[in-house]
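Novice: This is the structure, below, for whatever I ask next.
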Amino acid sequence: MNEIIEAIKIATLEIQEIIITGDTGKSDNQNSTGDTQLKLDIASDIVIEREFKKLSCIKEIVSEEQDDIVKINENGKYLIAYDPLDGSSLVDVNLSVGSIYGIYENDFTGANIVASIYVVFGPRVEMVIADGKTLKMYRLQKGEFVYIQDIKLEEKGKLQAPGSTQQCWYPHHKTMIDAFFADGYRLRYSGGMVPDLHQILLKGGGLFSYPGTSDKPKGKLRQLFEVFPFAFTYKSAGGQATDGINDVLEVPTTHIHDTSPCFFGSNYEINIVKEVYSKNV
Ligand code: FDP
């Protein structure tokens, strides 16, 4: 696992440079989910793939920016799914973005995720590593990642980040979101899931939601690259992640680019989500 963390550190330094100096324009390609890829997405993906290909402990990798799994070493132990530059369309307006890595054993399913790592590129570059029991944050200082703190969620937070198009929310979802605001929750939504989820973790707790909607019943966020890694991250910080009914890590995966409705938060908010959704299946 240490080798993987070191490879991610090397890739992170290079991706930071790509963010600062790279072309923020669109490429001519679309990814598997139909998003037009930015040149930044492609450049970041190339760097990560190059670093992971050097490691014999990795069996397979799959990128959100590629259609298929890339095989590395038949005898490798780990499988890694990654989103090289999540929220990349925010770079040209100078908002924070991130990389997300889910590390799996045996197969790419929520049940088999064994670690997750995300990197936030903001005014500072921070790397957060989840091992299932703890969540540790490191900050880039003078070329080194320095340990800063363990992150632990409070039982109840004060922030909510409600994603997707409001006109397409189901009525019970809208009623629930309104009720959190009526309870005093503050809106925090930048449109980048990495900084939005990072903020909730560091400010003690709250709720990030990206529900199923009338136009996208299975939501938008991808299981392997976004949902499972952050579910593992939130559970490692003492919080929860659900698809509304079940632990989202129990949701089956039929295709590497599957999406899932998802809610990440501290215990108080997620228990409310499960209560509301269980009555509205
Ligand atoms: P983006 O498409 O800009 O890469 O990963 C998808 C994502 O960003 C998340 O980072 C973000 O939380 C979400 O989409 C925002 O989607 P909406 O604009 O539909 O809320």
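Novice: Do the alpha carbons of any pairs in Lys9/Lys54; Lys77/Lys133; Lys26/Lys216 sit beyond 19 Å of each other, and which pairs? Each step should come with its number before you reach the end.
Specialist: Values: Lys9/Lys54 14 Å; Lys77/Lys133 21 Å; Lys26/Lys216 24 Å.
Beyond 19 Å: Lys77/Lys133; Lys26/Lys216.
Novice: With springs only between Cα atoms under 10 Å, which of Asp196, Asp23, Asp243 fluctuates most in a Gaussian network model of the chain?
Specialist: Maximum among the listed residues: Asp23.
Novice: Please work out how much length the chain gains when fully extended from Tyr147 to Ser278, using 0.36 nm per residue of separation minus the C-alpha to C-alpha distance, in nm with one decimal.
Specialist: On the way: separation 131, 0.36 × 131 = 47.16 nm, distance 4.01 nm.
Length gained between Tyr147 and Ser278: 43.1 nm.
Novice: While we're on this one: Sorting check: for 91-97, 158-164, which peptide has the highest mean count of neighbouring beta carbons within 10 Å, and how do the rest follow?
Specialist: Values: 91-97: 16.1, 158-164: 20.7.
Packing order, densest peptide first, comes out as 158-164, 91-97.
Novice: Antiparallel versus total DSSP beta bridges in the range 116-248: what percent is that, nearest 5? Please report the intermediate quantities before stating the final value.
Specialist: Numbers: 18 of 24 bridges.
Within the range 116-248, antiparallel bridges account for around 75 percent of the total.
Novice: Keeping every protein chain present and rolling a 1.4 Å probe, give me the accessible area per residue for the chain in Å².
Specialist: Working: 12470 Å² over 281 residues.
On a per-residue basis, 44 Å².
Novice: Could I ask something else about it? If I take every Cα pair under 8 Å that is 6 or more residues apart in the chain, average their sequence separation and divide by the length, what percent do I get for the relative contact order? Don't skip to the end; give the middle numbers.
Specialist: Values: 632 pairs, mean separation 42.3, N = 281.
For the chain, the relative contact order is 15 percent.
Novice: Here's another thing I want to ask about it. Could you state, as a whole-number percent, how many of the C-alpha pairs of the range 2-150 are farther apart than 19 Å?
Specialist: Above the 19 Å cut-off, the range 2-150 has 52 percent of its Cα pairs.
Novice: Could you work out the Kirkwood radius for the chain, taking every pair of different alpha carbons, averaging 1/r and inverting it, reported in Å?
Specialist: Numbers: mean 1/r = 0.0532 Å⁻¹.
In the chain this quantity evaluates to 18.8 Å.
Novice: Leaving ligands, DNA and RNA out of it, rank Asp35, Asp183 by accessible area with a 1.4 Å probe, largest first.
Specialist: Working: Asp35 60, Asp183 80 Å².
From most exposed to least exposed: Asp183, Asp35.
Novice: Ok, one more. Pop the C-beta distance of Lys133 and Asn73 into the FRET formula with R0 = 45 Å and round what comes out to the nearest 0.05.
Specialist: That gives a FRET efficiency of 0.95.
Novice: Under the 0.36 nm per residue contour assumption, what length would be gained going from the current alpha-carbon distance of Asp178 and Asn29 to full extension?
Specialist: Numbers: separation 149, 0.36 × 149 = 53.64 nm, distance 3.85 nm.
The Asp178-Asn29 span can extend by a further 49.8 nm.
Novice: Using Cα atoms only, what is the angle between the long axis of helix 2-21 and the major principal axis of the chain, expressed in degrees (0 to 90) to the nearest 10?
Specialist: 90 degrees
Novice: To continue, here is another question. In the chain, what percent of the accessible surface is made up of carbon and sulfur (1.4 Å probe, ligands and nucleic acids excluded)? Could the numbers behind the result be given before it?
Specialist: Details: 6090 of 12470 Å².
Exposed carbon and sulfur together represent 49 percent of the surface.
Novice: Which is the longest part of the chain that has none of the GluC sites (Glu not before Pro) sitting in a DSSP loop with at most 14 other Cβ atoms within 10 Å?
Specialist: Details: sites that count: Glu74, Glu155.
Between exposed loop sites, the widest span is 156-281.
Novice: Same structure, new question: What is the spin-label model distance, in nm, from Glu105 to Lys203 if the labels are put 7 Å beyond Cα along the C-beta direction?
Specialist: Reported label-point gap for Glu105 and Lys203 is 3.7 nm.
Novice: With a ≥ b ≥ c the root eigenvalues of the C-alpha gyration tensor of the range 159-278, is it rounded (a/c under 1.5), prolate (a/b larger than b/c) or oblate?
Specialist: Details: a/c = 1.44, a/b = 1.13, b/c = 1.27.
Judged from the Cα gyration tensor, the range 159-278 comes out rounded (a/c under 1.5).
The values are calculated or read from the model by the stated rules, or taken from the named source; none is laboratory data. None of the values given here were measured: they were computed from a predicted structure. Glycine also receives a Cβ, built like all others from the backbone with ideal geometry; neighbour counts cover every protein chain displayed. In case anyone asks, the SASA skips ligands and DNA or RNA and just uses the protein heavy atoms, side chains included. Shrake-Rupley method; radii C 1.70, N 1.55, O 1.52, S 1.80 Å.
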